[in-house]
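Written out below as structure tokens is the structure these notes cover.
The values are calculated or read from the model by the stated rules, or taken from the named source; none is laboratory data. Keep in mind it's a predicted model, so treat the numbers as computed, not measured. Here the Cβ is made from the backbone with ideal geometry for all residues, glycine too, and neighbour counts use every protein chain on show.
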Amino acid sequence: MTYSFPLLDAKEILGCLAELDINLSPENLEKPSYETLKPMYEQLVMLLVGVTREELQQPVFAAIDAFEFPELHDESIPVMAFGRALQKLMFAAGAHDFSLKDVYKATRERTVRNLSAIINFGKYREERLQTFQAFQEEADARAAQRQALVDEGDALRAEIARLEQARADEKPRAAAVRAEVEGDVLPRLQGLFAEKDGLVEELKRVRGTANELASRASQLKLDLAEEGRREDRLRGMVVQSPERMQKAITEREFQLERERQGVAAAERALVDATNRREAVGRAMREAEGAVKAMEELEVGIAKKKEVSGRVKDLRANIEAADARVLELQASIQHLGRQKASAAERLQRLEAQYKMKQAAAAATLEQQLCEKEAIEAANAAKHARIADNDAQVRAAREQARALEEAHGAAKRELVTQYRALRAQLGRYVALNREAMGAGVEGAEAMAAEAALAVATPAPRRGQLGGF
């Protein structure tokens, strides 16, 4: 049967488990049992699934309350939670036919298969960690961008609402102004324009007449002054009769009065023309005010068109932003799933770190205890060594004393031996000299033999050098 993961040998499996601080002996792998596999699978679940031992053993209180005798399920609930978490891990690792039978009645082949799947899954997740971190950073950046777009969209919606409210507030006023302009201002303005044209023509004519009359009045004044000077000059030159002079004066007065009346008529015409010019000026000012109002109305209409265009642009921007937000939401959901997977990985790593830290602390404590025991054993050994050294020194002193006593005894024996040998030599010499006599020779030989028997032989080791 083929799997989506390679089957590892026992050495690789034990090495990978040792890296995870999970103790499993080769004997336990060859002959797996529930007592050895369950703690191992629990540690793997805590490392790779991201749950703690307390969470595996924590019951669901809402479900517990539904049982009539919840105390009977104190042990079965943690077992079920562990089984679900382990099956979830094995399914993700590719071992889809895993069951709790692989824990309670495990075989070597199935255990090797399951551990190979878990180790391959863990290595695959480890390889994807950098990719996940890059996705996580991109997800954070897109989340920030999405939030900025959401804020911008909210601001644009608020601006559109404000513009629409202002437009709604200005709409009655604009309608009233438009109705007033169409019903009153435009006809009045047209009449004012027509009256303006007539008044302009009349003003031109009046100005011409006034200028002409002013010129005539000035000329008449000059003529009158000249006539007065001429009259004075003539009076000084000739003497006329009183009647003729009176008649001439009367004619001059009549002529002067006519000229004065003409000047008064011209002045009245000038005042009338001035009044009419002022009326025309007022009419022109009113017309200019109406024109200005029309221009303001046109500006308002243009502004309204501009605001409408801006509203359309803002709506288009909002639609584009909404589409972008939907796209970002889809990306964020995808990245969220990746983030959850990374968070699970991070929790697993944290659990692994905690377990390694706890194992290191336990190992350190055990090593400290072993160190203390070794130090105590070393101290006892040092004490025994010191005692042995003292005993060795005492034995050496005793051996030295024995050797000295032995040497003295040996020297004494050697001296005695040499003395006896010299004495024996003398006896032998004497006996040989007395060999001539038979009885005496026999007695001498007997004496020599008796002396040899009576003299003790040196012990082995006492005369080793001789």
Quiz item: How many of the residues making up the stretch 404-420 are of a type outside the set (A, V, I, L, M, F, W, C) and surrounded by fewer than 12 Cβ atoms within 10 Å (Cβ to Cβ)?
Solution: 6
Practice problem: Determine which member of the set ALA447, ALA434, ALA419 is of a type outside the set (D, E, K, R) and modelled with pLDDT under 75. | Solution: ALA447
Quiz prompt | Meets criteria (assigned to a helix (DSSP H, G or I), of a type in the set (A, V, I, L, M), without any contact (Cβ under 8 Å) to a residue 24 or more places away in the chain and closer than 23 Å to LYS292 by Cα) for LEU199 | solution = no
Self-check item: Options ILE118, ILE160; residue that is in contact with a Leu (Cβ under 6 Å, 6 or more places away or on another chain), under 30 Å from GLU295 (Cα atoms) and assigned to a helix (DSSP H, G or I)
Solution: ILE160
Self-check item: One residue from ARG324, ARG393 being at pLDDT 80 or above, of a type in the set (D, E, K, R) and assigned to a helix (DSSP H, G or I)
Solution: ARG393
Quiz item: Within the stretch 115-145, which residues are within 19 Å of LEU14 (Cβ to Cβ) and either under 12 Å from the mean Cα position of the chain (by Cα) or surrounded by 16 or more Cβ atoms within 10 Å (Cβ to Cβ) (or both)?
Solution: LEU115, SER116, ALA117, ILE118, ILE119, ASN120, PHE121, GLY122
Practice problem: Among the numbered conditions (1) outside the structural domain of GLU288 (by TED's automatic domain parsing); (2) at pLDDT 85 or above, tell me where LEU156 comes up short. | Solution: (1)
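Picking from VAL280, VAL271, VAL299, VAL239, which residue would you name as being part of a helix (DSSP H, G or I) and modelled with pLDDT under 70?
VAL280
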Self-check item: Qualifying positions in the stretch 26-84 - β-branched (Val, Ile, Thr) and at pLDDT below 70
Solution: VAL60, ILE64
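Residue under question is ASP223, and the condition is that it be assigned by TED's automatic domain parsing to the domain that holds ALA279, modelled with pLDDT of 75 or more and assigned to a helix (DSSP H, G or I); does it hold? Please lay out each step first, then the result.
Values: assigned by TED's automatic domain parsing to the domain that holds ALA279: yes; modelled with pLDDT of 75 or more: yes; assigned to a helix (DSSP H, G or I): yes.
When the stated conditions are applied, ASP223 passes them.
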